[in-house]
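K.L.:
First the structure, which I've put down as structure tokens, then a few questions once you've had a look.
The values are calculated or read from the model by the stated rules, or taken from the named source; none is laboratory data. What you are looking at is a predicted structure, and each value in this text was computed from that prediction instead of being measured. Reconstructed Cβ throughout: ideal geometry from the backbone, glycine too, with neighbour counts over all protein chains shown.
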Amino acid sequence: MRNLFASTRHIPGGLSEGMTLRDIAARHRLPLSTLVVELRKGTRVEMEHTSSRAIAQEIAMDHLFEDPHYYVKLSQMERARPVPNEVPLRPARGARGKR
């Protein structure tokens, strides 16, 4: 994980540009340790979209800037999402299609 106290950017113009994780924690009046945990979660999630850990961390930092509980909420939404029903390979017994 990159230095959490540095503000190096690989994607210009992000919401957290010029900020460190400490700055974001202060903005939300949360302990730094809380944001460290959330940044680790967020980096894992964002690695689904990039092969660069540094870019994944930047994306996660931008989300945490907006909402320090972003990844908690995302996880809750994903767990609550209904699993789509399987499409049957053949109609159920007695079912008739329109003719």
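K.L.:
Can you tell me which residue is modelled with the lowest pLDDT among those in segment 1-51 that are acidic (D, E) and touching an Asp or Glu at 6+ places or on another chain (Cβ under 9 Å)?
P.N.:
E17
K.L.:
Which residues, counting only those in segment 20-67, are of a type in the set (S, T, Y) and either crowded, with 17+ Cβ neighbours inside 10 Å or under 18 Å from H10 (Cα atoms) (or both)?
P.N.:
T20, T43, T50, S51, S52
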